[in-house]
Amino acid sequence: MAWSERQVGDAVLAEARGRIDLSNADAFRDDLSAAMAKAKTAVVLDLSGVDYISSAGLRSLMIVFKAAKAEGKTLALAALQPLLTEIFTISRFNLVFPVFDTVRAAFGKVAPGAAPP
Amino acid sequence: MKAIFWGTRGSLPAPLSAKAVEAKIVNALVKGAHASLDTVEKARAFCTETLSFAEGRTYGGNTACVQIEIGGPDYLLCDLGTGVREFSLSALAKHGPGKPQTYHVLVSHVHWDHIMGFPFFVPAFIPGNRIKLYSCHPHLERAIRGQNREPCFPVEFETLSASIEFVTLEPAKRYDIAGASVTCFEQLHGNDSFGYRIEAGGKSVVYSTDAEHKPENAAEMERAAAFFANADLVIFDAMYSLAESISVKEDWGHSSNVLGVELCQTACAKQLCLFHHEPVNDDARIDAILAETIRFEEITRTGTALKVCAAYDGMVIAL
Ligand SMILES: [Zn+2]
Ligand SMILES: [Zn+2]
């Protein structure tokens with residue numbers, strides 16, 4: 001899994017790429033919580049480059065999402081590949097997280113003042 | 001080897017209501033309005049081939065009881081949920097009450113849904129029958145005796161006519177039970193629960209209900225996969241969705257269809273059977289969960305295909 005992130009106003013736009021499974025779920029969680037710590041309001045996670053996420057990866061998302069919620073912040077997921085959308089639906093994670101078709105739509109909702117170019 | 005499912009529901013019995021039966025019949029009549037269903041054969045074919053499982057049948061509402069048939073003279077069962085009542089009737093119909101039998105029962109744990117059928121287990125009332133109740137769970141005898149006692153039940157355990165023995169098993173040891181080789185596995189569940197791996201005639205079934213699996217715990221996931229390794233059939237607690245089992249229902253002691261697929265794929269098991277259905281889920285819901293699980297297996301498949309089914313009361317899987 002590859003990771004990159006940048007500050008966009010009060011939010012952070014993060015991007016994960018590759019496969020997220022048991023072998024890197026902890027690293028994924030740590031990267032995501034570090035990004036959340038830098039964000040004042042929200043992290044928008046661009047998942048367009050992720051082709052698979054296992055239960056361990058989903059759990060990492062859940063942990064960061066819960067911690068963020070307790071601090072009044074949001075984790076928004078954007079641009080899921082069709083296969084990932086299916087995994088989210090089957091595991092019912094689509095009912096837990098705000099999921100958006102595009103990064104722009106996610107910013108529009110969770111950090112309207114910080115829409116990325 | 002055969003697995004015969006007498007009870008497949010989790011937590012408590014969930015019978016169909018009159019309204020639910022009416023809805024099924026109304027739907028079937030409307031769908032069959034233009035088919036000429038004028039013989040029993042045609043109507044049955046329509047029911048099983050044209051209608052979905054949920055439209056034409058039901059997953060049933062009895063709690064956990066699975067018979068493992070290995071071809072020997074003795075009976076082998078997993079758990080004593082309400083499904084055991086119908087098992088009793090079928091066994092008695094086969095042999096009649098005059099011919100004593102031996103019944104071996106592996107009990108996962110003593111939560112009520114897994115033992116509540118025992119007071120109605122007719123073979124226990126018949127002299128000459130031998131009943132051996134096995135579990136790694138230390139409180140099996142106390143729970144079974146406590147259930148057959150006033151003021152909860154009018155027939156005291158001590159008055160049951162069959163010879164009833166309790167056998168405490170130890171995890172990881174191998175036992176010869178009813179002609180099968182049986183090993184046990186400790187599972188994460190409130191008040192503890194145990195899975196059983198049953199091997200006979202070159203086939204293997206894993207009965208693993210009431211078990212929570214934590215996806216982040218690599219060692220525990222590996223331990224479970226090792227217990228499931230190459231099994232011909234894994235009967236798996238798929239009560240919740242993955243999201244539920246790691247959020248609002250975390251530590252409630254149950255697992256999900258998604259983890260069932262992941263574990264069986266890692267274990268190179270051949271067939272996954274979704275079991276311990278959530279009582280809130282109606283037939284249509286379980287149909288949908290099964291379809292999604294089959295799809296999940298397809299999109300995550302790395303090696304050989306894993307067969308997926310959802311248990312229903314009355315289902316028979318021949319291995
Ligand atoms: Zn149960
Ligand atoms: Zn239980």
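Quick check on region A:2-110: take the gyration tensor over C-alpha atoms, sort the square-rooted eigenvalues as a ≥ b ≥ c, and tell me if it's rounded (a/c under 1.5), prolate or oblate. Walk me through the intermediate numbers first.
Values: a/c = 1.42, a/b = 1.26, b/c = 1.12.
It comes out rounded by the Cα gyration axes.
Legend: residue pairs B:Lys270/B:Lys307; A:Lys40/A:Lys69; B:Lys2/B:Lys270; B:Lys173/B:Lys270; A:Lys40/A:Lys109, Cα-Cα distance threshold 18 Å; pairs beyond threshold, B:Lys173/B:Lys270.
Amide hydrogen proximity for B:Leu77: with H placed 1.01 Å from N in the peptide plane, the residues at 5 or more positions away or on another chain lying under 5 Å are B:Ile68, B:His104, B:Val105, B:Leu106.
Beta bridges per DSSP, both residues in region A:2-110: antiparallel share near 30 percent. Within the shell of other residues whose beta carbon sits under 13 angstrom from the beta carbon of A:Phe28, the net charge comes to -3, with Lys and Arg scored +1 and Asp and Glu -1. Our compactness index for region A:40-100, the C-alpha radius of gyration over the empirical 2.2 N^0.38 Å, is 1.06. Local charge for B:Cys264 was computed over the other residues whose Cβ lies under 12 Å away, with Lys and Arg +1 and Asp and Glu -1, and equals 0.
Distance from the C-alpha centroid of region B:5-62 to that of region B:173-216: 33 Å, rounded to the whole angstrom.
Please compute the per residue accessible area over chain A with all protein chains in place, 1.4 Å probe, rounded to a whole number of Å². Roughly 42 Å² per residue, with all protein chains present. Let's test the formula: R0 of 35 Å, r as the Cβ-Cβ distance of B:Ser181 and B:Arg285. What FRET efficiency results, to the nearest 0.05? So, using R0 = 35 Å, E works out to roughly 0.40. Computed with a 1.4 Å probe over protein heavy atoms only, the accessible area of B:Phe46 comes to about 20 Å². Candidate cross-link partners of B:Lys24 among the lysines, defined by an alpha-carbon separation under 26 Å and a same-chain spacing of 8 or more, comprise B:Lys42. Each residue, B:Asp38 and B:Asn191, gets one label point 7 Å from its Cα in the Cβ direction; the gap between the two is 5.8 nm. Heavy-atom accessible area buried between chains A and B is around 1800 Å² (1.4 Å probe, both sides summed). A straight chain from B:Asp74 to B:Trp112 at 0.36 nm per residue would run longer than the Cα-Cα distance by 11.1 nm. Each residue, B:His139 and B:Val122, gets one label point 7 Å from its Cα in the Cβ direction; the gap between the two is 3.2 nm.
The share of Cα pairs per 10 Å bin across the protein assembly as shown, counted from zero up to the longest distance, runs 4, 20, 26, 22, 16, 9, 3, 1, 0 percent. B:Asp237 exposes around 0 Å² of accessible area when a 1.4 Å probe is run over every protein chain in place.
May I ask you to derive the relative contact order of region A:2-110, considering only C-alpha pairs under 8 Å and at least 6 residues apart, and to give it as an integer percent? Reported relative contact order: 26 percent. Rounded to the nearest whole angstrom, the semi-axes of the ellipsoid equivalent to chain B, taken from the Cα gyration tensor as √(5λ), stand at 30, 27, 19, largest first. With a cut-off of 10 Å between beta carbons, the residues surrounding B:Met1 carry a summed charge of -1, where Lys and Arg count +1 and Asp and Glu -1. Both radii are taken from the alpha-carbon atoms of region B:1-127; with Rh as the Kirkwood radius, Rg/Rh is 1.08. Projecting label points 7 angstrom from Cα along Cα→Cβ for A:Asp101 and B:Ser161 puts them 7.2 nm apart. Only helical runs count toward this figure. For chain B, summing -39,500 (n - 2.57) over DSSP H runs of n ≥ 4 and dividing by all residues gives -8500 deg cm²/dmol at 222 nm.
Projected onto its three principal axes, the C-alpha set of region B:208-319 covers 34, 32, 24 Å, listed from the longest axis down. Considering only DSSP beta bridges where both residues belong to the protein assembly as shown, give the percentage that are antiparallel (nearest 5). Around 45 percent antiparallel, to the nearest 5.
Over region B:72-189, one equal point on each Cα, no solvent: what is log10 I(q)/I(0) by the Debye formula at q = 0.11, 0.13, 0.22 Å⁻¹? One equal scatterer on each Cα of region B:72-189 leads to -0.35, -0.49, -1.38.
The values are calculated or read from the model by the stated rules, or taken from the named source; none is laboratory data. Just so it is clear, the model here is predicted, and its values are computed rather than measured. Note: ideal-geometry Cβ built from the backbone for every residue, glycine included; neighbour counts use all protein chains shown. Note: areas computed on protein heavy atoms with side chains; ligands, DNA, RNA excluded. Shrake-Rupley method; radii C 1.70, N 1.55, O 1.52, S 1.80 Å.
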